[in-house]
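Working notes, structure below.
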Amino acid sequence: MIKLHDKYFKPFISSQEIDASIERMADAISKDLGDEVPVFVGILNGSFMLVSDFVKKYPKPCEVTFIKLASYEGVKSTEDIQRLIGLTQDLTGRTVVILEDIIDTGNTLAEIHRIFSNEQVKSLKIATLFYKPDAYKKDFKLHYIGIEIPDKFIVGYGLDYDQLGRNLPAVYQIKETQHMTNLVLFGPPGAGKGTQATFLKEKYNLVHISTGDVFRFNIKNKTALGMLAKSFMDKGELVPDQVTIDMLNAEVEKNADAKGFIFDGFPRTNAQADALDKLMDSKDSSISAMIALEVDDDVLVNRLLERGKTSGRPDDADESVIRNRITEYYNKTAILKDFYSAQNKYFGVDGVGSIKDITTRLSSVIDNL
């Protein structure tokens, strides 16, 4: 993570990926142009690093020149394009290849086409290292594309945020969400996890996402994901992790302005934990902690047997079934404990005592995150 001025940026594209992409572009253009000597035109300021690395990889004779346009203020592309430095050579009958560091809205590209329409060039080709298809608003053809990226602001490798970051050899993406508390809440059967989740979501204004509730909602409402999950369940098969992650993603998207989330019932495996990390990273966030309520087995058994007198659940009425459920929980949680401990994110909390006392202990952990 790096900080430029008032904003944070996270690693996005490595220098190795950039280098490989430039080499692919240079090879493709060389093959297409054959023995023709092209004029490569860099668009300043952003393309200076790209042009330098590109021409070193271009295997045949070529010419290089620059023009300078301005279209960015802060982190937003403006509609006002100004031609600051123009061409100084005759390009009549020449093949011109524009080397752009990034194409997003296409406003700069429109000005480039306007400029070169008066130069009587043989052909004009556009090559861009980075391309944002979701932001592109024009119809101009892009002949060579290095890497397609989402419509988020990036810095590095010639790209800047208010003049900082151009010198970075790799590319970083803006981290838009700075302050979120995302908890994975665990507890064996009878630990009171559901009760505590209710208190915590109200106290910290978090969104409680219970995997069981999410599954039931999607199946009941016959969503595409719900029907897909049901197709596996009807065959007695486990629902693939990706289906579950897609459901969770939809819930997170519904609550994009949330201050954080409590994940209940997911993850259950290292693969699921890794998938959840990637999901949160895609939202410019991360899991803050895994908090596990710790209660002795005998206490859990007594709690569940007592609950079974009124809950009507058969799995709360048989001690052997209860102990098997507890054993299954520990087998799964032990793996996740190692996963989150490796990230210094695992916190065990004493789950014995009054509801208020347990809430206080949980709050102490969260307040110190």
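The values are calculated or read from the model by the stated rules, or taken from the named source; none is laboratory data. Values in this document were obtained by computation on a predicted structure and should not be read as measured data. Cβ coordinates were reconstructed from backbone atoms using ideal geometry, including for glycine residues, and neighbour counts include every protein chain displayed. Side chains included, ligands, DNA and RNA excluded: accessible areas come from the protein's heavy atoms. Shrake-Rupley method; radii C 1.70, N 1.55, O 1.52, S 1.80 Å.
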Check your understanding: Restricting the search to the range 331-350, which residues are under 16 Å from Ile291 (Cβ atoms), loosely packed, with under 12 Cβ neighbours inside 10 Å and at pLDDT below 90?
Key -> Ala334
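What residue, among those in the range 250-285 that are among the polar types (S, T, N, Q), open to solvent by 40 Å² or more (accessible area, probe 1.4 Å) and without any contact (Cβ under 8 Å) to a residue 60 or more places away in the chain, is farthest from Leu238 (Cα to Cα)?
Applying the first criterion (among the polar types (S, T, N, Q)) to the range 250-285 yields 255, 269-270, 272, 282, 285.
Okay, now just the ones that are also open to solvent by 40 Å² or more (accessible area, probe 1.4 Å), so 255, 269-270, 282.
Okay, now just the ones that are also without any contact (Cβ under 8 Å) to a residue 60 or more places away in the chain, so 255, 282.
Numbers: Asn255: 27, Ser282: 26 Å.
Across the range 250-285, the extreme among qualifying residues is Asn255.
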Practice item. Tell me which residues, restricted to the range 231-249, are farther than 18 Å from Asp277 by Cβ, assigned to a helix (DSSP H, G or I) and open to solvent by 80 Å² or more (accessible area, probe 1.4 Å). Key: Met233, Asp234
Review point. Which members of the range 202-228 meet the condition of being open to solvent by 60 Å² or more (accessible area, probe 1.4 Å) and within 24 Å of the chain's Cα centre (by Cα)?
Key: Asn205, Ala224
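Anything in the range 158-176 that is over 8 Å from Phe9 (Cβ atoms), part of a loop (DSSP other than H, G, I, E, B) and open to solvent by 10 Å² or more (accessible area, probe 1.4 Å)? List them, or say none.
To start, the set of residues in the range 158-176 that are over 8 Å from Phe9 (Cβ atoms) comprises 158-160, 162-164, 166-171, 176.
Adding the requirement that they be part of a loop (DSSP other than H, G, I, E, B) leaves 158, 160, 162-163, 166-170, 176.
The answer is Asp160, Asp162, Gln163, Arg166, Asn167, Leu168, Pro169, Ala170, Glu176.
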Review point. Looking only at the range 286-300, which residues are under 22 Å from Asp350 (Cβ atoms) and open to solvent by 40 Å² or more (accessible area, probe 1.4 Å)?
Key: Glu294, Asp296, Asp297, Asp298, Val299
Revision key, fill the gap. Reported set for the range 36-47 where residues are open to solvent by 10 Å² or more (accessible area, probe 1.4 Å) and modelled with pLDDT of 95 or more is Glu36, Val37
Point to revise | Exclusive hit being farther than 30 Å from Ile154 by Cβ and assigned to a helix (DSSP H, G or I), set Gly194, Gly190 | key: Gly194
Revision key, fill the gap. With criteria (1) surrounded by fewer than 23 Cβ atoms within 10 Å (Cβ to Cβ); (2) among the aliphatic types (A, V, I, L, M); (3) out of contact with any Asp or Glu (no Cβ under 8 Å at 6 or more places or on another chain), Ala135 comes up short on (3)
Practice item. Could you tell me which of the residues Lys60, Lys56, Lys31, Lys10 is within 26 Å of the chain's Cα centre (by Cα) and not aromatic (Phe, Trp, Tyr)? Key: Lys10
Review point. Given the conditions (1) closer than 23 Å to Val243 by Cβ; (2) touching a residue at least 60 places away in the same chain (Cβ under 8 Å); (3) open to solvent by 20 Å² or more (accessible area, probe 1.4 Å); (4) of a type in the set (A, V, I, L, M, F, W, C), and given that Met180 satisfies all but one, which numbered condition is not satisfied?
Key: (1)
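Hey, among Gly190, Gly165, Gly156, which residue is at positive phi and modelled with pLDDT under 95?
Details: Gly165 fails: modelled with pLDDT under 95; Gly156 fails: modelled with pLDDT under 95.
None of the other options fit; the residue is Gly190.
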Practice item. Within the range 183-198, identify whether any single residue is closer than 19 Å to Ser282 by Cβ and buried (at least 19 other Cβ atoms within 10 Å of the Cβ), and answer yes or no. Key: yes
Review point. Can Ala70 be described as touching a Phe, Trp or Tyr at 6+ places or on another chain (Cβ under 9 Å), surrounded by fewer than 18 Cβ atoms within 10 Å (Cβ to Cβ) and modelled with pLDDT under 95?
Key: no
Review point. Within 19 Å of the chain's Cα centre (by Cα), among the small types (Gly, Ala, Ser) and more than 25 Å from Tyr204 (Cα to Cα): does that describe Ala317?
Key: no
